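Chemist: Below is a structure I'd like to ask you about.
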Amino acid sequence: MKKFSLLLITALFAFSMSAQEVQNVSNGTVYLKNKASDNWFIGLGGGVNTYNMKKFDKMGDRLGWQGQLSIGRWNSPVWGGRLVIDAGQPVINYANKTNMKWVGGHLDLMYNLTNAVMPYNPDRVYSFVPYLGVGYMYGMNEWFKRPYAGNKSAFKGQNQTLTYNVGVINNFRLGRSVNLFIEVGYRLMQESFDFSATPTGDYEYDGMLSVLGGLQFGLGGKQDFTPAELMDYNLINDLNSQINRLRSENEQLRKRPVDCPDCPEVVAPVVAPASVYIPNVVFFRINSAKIDKGQQVSVYNTSEYMKANPNSTVKIVAYADKQTGSAAYNMALSEKRAKAVADALTNEYGIDSSRVSVDWKGDTEQPYAENDWNRVAIFFAE
């Protein structure tokens, strides 16, 4: 059982890490990452539960109460996590009305299925949210601590157990920061937890079904997600061409005599354009290190320049915009961008890797005043 618990905890951790990687993408739409203080919530609810669901006879006679306090956060429109503290008193023997008092908690990974299959809408009234988690229960009755039929070893630790939790949360939006929820949950625990198991028991696990209702409140900060406005890459390409043209004109103006700035340049004819390198740039989409087809022209132009100038080398410096993501995430993203451009230059256009170097700055430097333009890799001739 412990090995299975560790495996499930590891799986939940892996899912949460995966959720972090794609936390700003939902249903094909990219969303700006919120601050760490945004999208937190607290919930308070109560309801009923029924114990030992391997037998479905006389369920009503086994009903007991259950209360719940939860706190959590949505990392994206789809993925979230929460910590639940709960307690209850189900009837485990309806013949003599034996109650079992317990307290516990569980850590859950939540998946908003409604936002996953439909376009995100912060004003949507209803959301269907399955969850999966692991937890712990502690029995508070004194008879938990008594041995069964004089066999002390049979019930060692019978008043505590790990639990495996699964369920569905039905969220109904009442306001910007208030939801009504109806939750149906099911948990598995060791059968010895209820004092009913014997060394030759028929089952290894017992189950508990719960139905809860309550209110959920936002804990300050934003409670929604803002779609990112992606760049118009045709416009960016046009602006890039204009920038390169202006740089070329400035270079020509620089060569004119100082005492006669309006005079034509008195120099030898300009060498072939292939030997004059004007820095190229590759712009990226938000949260991406993939080179779009419209940006491949910059890689191609750089490769042509390097083929025409066999002794030249190029340094690729990549960046990330400061308004999206954490500093650590942006540093890693800019590294991926620099290496993606270098790979394209060497693998797709045949430039020797010894002539290409890379560097990345994350969001520590912003080469452009326009925030969106800083999702970029820039070629520098060395």
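The values are calculated or read from the model by the stated rules, or taken from the named source; none is laboratory data. Worth saying up front: this structure is predicted, and the values here are computed from it rather than measured. Backbone-built Cβ (ideal geometry, glycine too); neighbour counts: all protein chains shown. Calculation scope for accessible area: heavy atoms of the full protein, side chains included, ligands and nucleic acids excluded. Shrake-Rupley method; radii C 1.70, N 1.55, O 1.52, S 1.80 Å.
Chemist: Can you tell me which residue among TRP373, TRP360 is hydrophobic (A, V, I, L, M, F, W, C), closer than 23 Å to ASN34 by Cβ and open to solvent by 30 Å² or more (accessible area, probe 1.4 Å)?
Modeler: On the way: TRP360 fails: closer than 23 Å to ASN34 by Cβ.
Selected residue: TRP373, the only one of TRP373, TRP360 that is hydrophobic (A, V, I, L, M, F, W, C), closer than 23 Å to ASN34 by Cβ and open to solvent by 30 Å² or more (accessible area, probe 1.4 Å).
Chemist: Something else: Quick check: anything in region 289-307 under 27 Å from the mean Cα position of the chain (by Cα), modelled with pLDDT of 90 or more and open to solvent by 60 Å² or more (accessible area, probe 1.4 Å)?
Modeler: Taking every residue of region 289-307 in turn, at least one turns out to be under 27 Å from the mean Cα position of the chain (by Cα), modelled with pLDDT of 90 or more and open to solvent by 60 Å² or more (accessible area, probe 1.4 Å).
Chemist: Please work out which residue is farthest from ASN34 (Cα to Cα), limiting yourself to region 75-90 and to residues that are without any contact (Cβ under 8 Å) to a residue 40 or more places away in the chain and open to solvent by 10 Å² or more (accessible area, probe 1.4 Å).
Modeler: Going through the qualifying residues, I end up with GLN89.
Chemist: A further question follows. When the residues of region 111-145 are narrowed to those that are assigned to a loop (DSSP other than H, G, I, E, B) and exposed (fewer than 12 other Cβ atoms within 10 Å of the Cβ), which ends up modelled with the highest pLDDT? Steps first, answer last, please.
Modeler: We begin by selecting, within region 111-145, every residue assigned to a loop (DSSP other than H, G, I, E, B); these are 112, 118-125, 140-141.
Narrowing the set further to residues that are exposed (fewer than 12 other Cβ atoms within 10 Å of the Cβ) leaves 123, 125.
Details: ASP123: 89, VAL125: 94.
This residue is VAL125.
Chemist: Also, I was wondering about something else. Which pairs turn up if I take residues in region 280-300 that are closer than 16 Å to ASP343 by Cα and look for partners that are at pLDDT 90 or above and of a type in the set (D, E, K, R) with beta carbon separation below 6 Å, at least 6 apart in sequence or on another chain?
Modeler: PHE284/ARG337; PHE284/ARG375; ALA289/LYS336; ALA289/ARG337
Chemist: Condition first: buried (at least 18 other Cβ atoms within 10 Å of the Cβ) and in contact (Cβ under 8 Å) with a residue 40 or more places away in the chain. Now tell me which residues in region 337-357 satisfy that. If you could, list the steps in order and put the result at the bottom.
Modeler: First, pick out the residues of region 337-357 that are buried (at least 18 other Cβ atoms within 10 Å of the Cβ): 337-338, 340-342, 344-345, 351, 356.
Passing the criteria: ARG337, ALA340, VAL341, ALA344, LEU345, ILE351, VAL356.
Chemist: Report yes if some residue within region 314-336 is touching a helix residue (DSSP H, G or I) at 6+ places or on another chain (Cβ under 9 Å), over 24 Å from PRO227 (Cα atoms), in a loop (DSSP other than H, G, I, E, B) and modelled with pLDDT under 90; otherwise report no.
Modeler: No, there is no match, as no residue in region 314-336 is touching a helix residue (DSSP H, G or I) at 6+ places or on another chain (Cβ under 9 Å), over 24 Å from PRO227 (Cα atoms), in a loop (DSSP other than H, G, I, E, B) and modelled with pLDDT under 90.
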